[in-house]
Amino acid sequence: MSFKKTVAALLFCTFMVCVPLYVFDKLDGNAFGNNGSATDNNGYKGILTLWHVDSFEGGRGSRSEFLKGRAIEFEARHKGVLVSVQTYTYEQVKQKLQNGEKFDLISFSAGVGFDIKGLLSPYTAAVNVRDDLLEGGKLNGNIYAMPWTYGGYALYAFDSVLAHTDGKLALNTVFDCGYVKNDRHNTEISSLGVGFAAFNNPFRALTSNNVSKPSGSKAIYDGNLTAYQAYESFLNKSSFAVLLGTQRDLSRFSLKESQGKLEPLSAVYLSGFTDLVQYIGFCDNGNGRGEYAQAFIEYLTGDDVQKKLTKIEMFSPALDIYSSGMHFEMEKALSKPLTVTNAFTDPTVLESQRNGDKNKLVSG
């Protein structure tokens, strides 16, 4: 090898070793500059680590992918700031916290909030959301989490199934829809079926609307189903007549309708209560990123971003975003004042509340 080629090779190797070390040092999530300030001489301001936790079904598509899209937009508006969206389960978040790992931002819902409430910092930037939904993110009168999207509950029933009773679906007759199938087993069909996520309480959507169970009727199909299992069972018409579902089922039905595969369906959209709220909070770790973390929350809950929630068929805590269709009808019901579950409630309390509301419906 010639002398020139040898020197060139050495220079190339030096470049390949030193540049990555420089870049990795700059991308250290624990530093916003050599002196902890919000910027350095090269304009790099640091990485915001955003943990996203799904603990209930969304609409269509992924909330984490939605956040990633908004992160790209935010980066374009704040040169030198990067946002790393990382998706974890509730169990993974608990493990990461036990390992001493930290976040700058966290997207979560009730049930998860109990484990992180001591880590969050008060949000003091602009507020652009409804007061009723905002209440769920408060502790001791201070805002620790901002709602950035949410869903709700609804009753669904196929008209062909309702024909076995009086043919109508209404809140005050929801437990009168059960019947006995005309098959060789005389299969008894319960009035209501419901599926669950980790921490939600669908029963409160009924009890908050003063629904009670008439004595003597077979009320709730007790199958201990997940939300998707309940949806599948509803389609099969094999266990219960009415599905107490969510906006996720609405999106499933909307898709089937667009494909011409949905038989006539009745729906009653429930107002007054929801615990299907996705919040976002931040932790000021003393590294200069708190300012940008709050700016991201403000951006996420601003009108321009909130209008885009139709892409994932969720609802906005700031705006009415639908103009027609089933989502428009559900949005109208949810636009009425809502009682929401506090995001920081102990999961054992949530479980107790769910059992208590179920017992109200079972015992009448």
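The values are calculated or read from the model by the stated rules, or taken from the named source; none is laboratory data. Small disclaimer: the values here were computed from a predicted structure and weren't measured. Note: ideal-geometry Cβ built from the backbone for every residue, glycine included; neighbour counts use all protein chains shown. We work out accessible area using only protein heavy atoms, side chains counted, and drop any ligands, DNA or RNA first. Shrake-Rupley method; radii C 1.70, N 1.55, O 1.52, S 1.80 Å.
What ranking do 273-279, 228-234, 136-142 get when scored by the average of other Cβ atoms within 10 Å per residue, highest first?
Descending packing order for the listed peptides: 273-279, 228-234, 136-142.
First compute the accessible area of the chain with a 1.4 Å probe, then give the percent of it belonging to carbon and sulfur atoms.
So the carbon and sulfur contribution to the accessible surface is 51 percent.
Express in % the proportion of alpha carbon pairs of the range 234-288 at distances exceeding 18 Å.
In whole percent, the share of Cα-Cα pairs in the range 234-288 beyond 18 Å is 54.
Given H placed on each backbone N at 1.01 Å, which residues far from Phe273 in sequence or on other chains put an amide H within less than 5 Å of it?
Thr339
I need the P(r) histogram for the range 165-225: all alpha carbon pairs, bin width 5 Å from 0 out to the longest distance, whole percents.
P(r) for the range 165-225, in whole percents per bin: 4, 16, 22, 26, 18, 9, 4, 1.
How many percent of the alpha carbon pairs in the range 85-147 exceed a separation of 20 Å?
Looking at the range 85-147, the distances longer than 20 Å represent 29 percent of pairs.
What number do you get for the range 156-196 when its Cα radius of gyration is normalised by 2.2 N^0.38 Å, N = residues?
Normalised Rg, Cα atoms only: 1.18.
Under a point-charge model restricted to the Cβ atoms of Lys and Arg (+1) and Asp and Glu (-1), what is the dipole moment magnitude of the chain relative to its Cα centre, in debye to the nearest 20?
Dipole about the Cα centre, nearest 20: 580 debye.
What residues qualify as long-range amide H neighbours of Leu48, i.e. H under 5 Å apart, gap of 5 or more or another chain, H built at 1.01 Å from N?
For Leu48, the qualifying residues are Leu82, Val83, Ser84.
Could you list the trypsin sites (Lys or Arg not before Pro) in the range 222-283 that lie in coil according to DSSP, counting only those with at most 16 other Cβ atoms within 10 Å of their Cβ?
Here the sparse-neighbourhood loop sites are Lys237, Lys261.
Tell me the Rg and the Dmax, in Å, that the Cα atoms of the range 288-346 produce.
For the range 288-346, the Cα-based Rg and Dmax read 14.3, 45 Å.
Taking the 0 to 90 degree range and rounding to the nearest ten, how far is the long axis of helix 63-77 tilted relative to the main principal axis of the chain, both from C-alpha atoms?
The angle comes out near 40 degrees.
Quick one: what are the phi-derived ³J(HN,Hα) couplings along the range 81-91, Karplus 6.51/-1.76/1.60 with θ = phi - 60°, whole Hz, x for glycine and proline?
Per residue, the Karplus-derived 3J(HN,Hα) values read 9, 10, 10, 9, 8, 10, 9, 9, 7, 4, 5 Hz.
Find the eigenvalues of the gyration tensor of the Cα atoms of the range 36-175, then list the square roots of 5 times those eigenvalues as equivalent ellipsoid semi-axes, largest first, in whole angstrom.
39, 18, 16
How large is the helix-only mean residue ellipticity at 222 nm for the chain, computed as the sum of -39500 (n - 2.57) over DSSP H runs with n ≥ 4, divided by its residue count, in deg cm²/dmol to the nearest 500?
That comes out to -10500 deg cm²/dmol.
Which angle between 0 and 90 degrees, to the nearest 10, do you get for helix 227-236 versus the longest principal axis of the chain when only C-alpha atoms count?
Helix 227-236 and the main axis of the chain meet at about 40 degrees.
Where only protein heavy atoms count, and the probe is 1.4 Å, what is the accessible area per residue for the range 46-194 in Å²?
Ligands and nucleic acids excluded, the result is 43 Å² per residue.
Ordering Asp357, Asp320, Asp183 by accessible area with a probe of 1.4 Å, largest first, what comes out?
Asp320, Asp183, Asp357
Using Cα pairs under 8 angstrom and six or more residues apart, how large is the relative contact order of the range 221-348, in percent?
26
Would you mind classifying the range 206-364 by shape? Square roots of the alpha carbon gyration tensor eigenvalues, ordered a ≥ b ≥ c; an a/c under 1.5 is rounded, otherwise it is prolate if a/b is larger than b/c and oblate if not.
Since a/c reaches 1.5 but b/c is at least a/b, the shape of the range 206-364 is classed as oblate.
Longer than 23 Å from Cα to Cα, which of Lys311/Lys332; Lys117/Lys308; Lys168/Lys332 are they? Say none if no pair is.
Exceeds cut-off: Lys117/Lys308.
Determine, for each peptide in 93-102, 323-332, the mean count of other beta carbons within 10 angstrom over its residues, then list the peptides with the highest first.
323-332, 93-102
To check you understand DSSP bridge types, tell me what percent of the beta bridges within the chain (both residues inside) are antiparallel, rounded to 5.
Rounded to the nearest five, the antiparallel share is 50 percent.
Compute the relative contact order of the chain as a whole-number percentage, counting only Cα pairs closer than 8 Å that sit 6 or more residues apart in sequence.
26
Compute the helix-to-body angle for 3-26: its Cα long axis versus the longest principal axis of the chain, expressed 0 to 90° and rounded to tens.
Tilt of helix 3-26: around 50 degrees.
With volume of the Cα convex hull per residue in Å³ defined as stated, name the option among (1) 150; (2) 317; (3) 197 computed from the structure displayed.
Label of the calculated value: (3).
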